[in-house]
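The values are calculated or read from the model by the stated rules, or taken from the named source; none is laboratory data. Everything quoted here is computed from the prediction, not taken from an experiment. Glycine gets a Cβ as well: all are built from the backbone with ideal geometry, and neighbour counts include every protein chain shown. Just so you know, the surface numbers come from the protein's heavy atoms only, side chains and all, with ligands and any DNA or RNA stripped out. Shrake-Rupley method; radii C 1.70, N 1.55, O 1.52, S 1.80 Å.
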Amino acid sequence: MAGHATEEHPHGADRLCAAGDRVYSRAVRRGRVPRADADAVPCLVELALLHPDPDDMGWLVPTSPQEVMTRLLRGVHAEVSASQARMGAAVDAVEWYAGLGASRAPRPTEKTAIRVLDGLARIRAAIDEATDRCTTEVLTVQPGGIRREDELREGLHRALAMCRRGVRMRDLYTHVARHGQGLHNYMEMMGESAEARTLDEVVERLIVFDRTVAFVPANTDRTVALEIRHPALVEYLVTVFERLWRLGIPLAAPLPSTGVAGITHRERSIAELLAEGHQDAVVAERLGISVRTCRAHIARLSERLGAASRTQLGVRIAQAGLGGPPRSTVPDGLPTVPSPTAAPLPSPESPTAR
């Protein structure tokens with residue numbers, strides 16, 4: 001259906017179809033339109049003339065005519081030798097739309113402090129642009145388990161390019177990621193430009209470039225993201241990262257002892273979450289492992305603690321002192337957090353990866 005809609009709207013932002021013209025004009029006059037109004041004119045979303053309202057995803061807000069003009073002229077100038085007539089038409093069209101909204105005060109959502117990126121193509125384009133402009137530091141949080149080899153290879157050239165520019169990278173993973181040899185190989189290639197630490201569990205995916213722009217998912221399947229440039233929000237996300245970083249264990253360092261003979265670090269983490277009352281699926285998601293693997297660990301934990309049922313397992317966990325945090329989560333003598341002069345969703349090894 002999407003392909004059919006595209007065939008019916010073979011045009012650019014400078015020469016909208018009649019239906020698109022009506023909906024975009026209405027959006028400029030009123031400040032926003034219901035998402036349903038754009039169903040018949042997907043060209044407006046595809047051309048980024050309308051984008052989701054971060055305050056209410058059921059509405060679409062227009063890209064300001066001035067921003068549309070900037071975008072159009074950038075493309076028109078590249079073809080100016082063969083497209084002089086089209087440039088004039090683009091300017092005239094934009095001036096017309098700008099006049100429609102001249103009497104309306106700009107909405108807060110038209111600011112660039114928070115931008116909704118709808119679709120993987122727009123997310124990747126925005127992150128690629130931030131990657132190319134980054135000059136000092138990249139901070140990332142990577143939930144999930146073992147990093148796939150293709151993800152690591154995909155973004156390696158971008159990461160190495162940032163290293164050559166003197167960009168420093170700090171990445172947080174779950175402990176499960178330690179079991180992927182690809183990540184260790186990748187960090188070895190990055191050398192001193194990158195440092196990774198791991199935790200039992202981390203927050204949702206986060207990327208921060210130069211402490212000025214951050215990217216976070218806006219839905220569960222990560223097909224919508226938020227590009228955040230508001231200084232207070234970016235600073236808050238950096239603070240969250242720094243506090244997790246202090247708790248993290250360097251990738252090259254061994255995990256601390258659980259303090260209970262025969263119980264692995266992962267089994268202790270599972271025991272703590274079970275003691276909090278979480279179901280198997282939740283435990284698996286938070287630790288970055290499959291439900292099947294999680295249940296296998298629970299079975300071994302039950303066997304080692306001599307528990308014949310889940311109820312009895314909860315009692316044994318409490319008796320063994322496994323229901324609280326490990327006695328030592330951060331080894332002594334960790335290096336201090338770097339303090340760059342300026343303050344890749346996606347992964348550091350592949351800023352465009354989901």
Virtual spin-label span in nm between A308 and E192, 7 Å along Cα→Cβ: 6.1
Other-chain or far-sequence residues with amide H under 5 Å of A194's (modelled H): M169
Rounded to whole Hz, the Karplus (6.51, -1.76, 1.60) HN-Hα couplings of the range 165-176, x for glycine and proline: 8, x, 6, 9, 10, 10, 10, 10, 10, 7, 4, 4
Rough spin-label spacing in nm, given labels placed 7 Å along Cα→Cβ, for D56 and R22: 2.3
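Taking 0.36 nm per intervening residue step and subtracting the Cα-Cα distance, what contour gain separates V240 from A113 on full extension?
Numbers: separation 127, 0.36 × 127 = 45.72 nm, distance 1.92 nm.
Going from the current span to full extension adds 43.8 nm.
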Residue-wise HN-Hα coupling along the range 52-59, computed from phi with Karplus coefficients 6.51, -1.76, 1.60 (Hz; x: Gly, Pro): x, 7, x, 7, 7, 5, x, 10
Simple Cβ-charge dipole of the range 206-274, Lys/Arg +1 and Asp/Glu -1, about Cα centre, in debye nearest 20: 120
Portion, in percent, of the accessible area of the range 142-274 that falls on carbon or sulfur, probe 1.4 Å: 55
Cut-off under 5 Å, modelled amide H: who pairs with L50 long-range: V45, T63
Pairwise FRET efficiency - A232 versus A296, Cβ, R0 = 41 Å, nearest 0.05: 0.40
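Using 0.36 nm times the number of residues separating R133 and E154, minus their current alpha carbon distance, what extension gain do you get?
Values: separation 21, 0.36 × 21 = 7.56 nm, distance 1.90 nm.
Gain in length upon complete extension: 5.7 nm.
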³J(HN,Hα) computed for each position of the range 187-200 - Karplus, 6.51 cos²θ - 1.76 cosθ + 1.60, integer Hz, glycine/proline x: 5, 5, 5, 6, x, 6, 6, 10, 9, 10, 10, 10, 9, 4
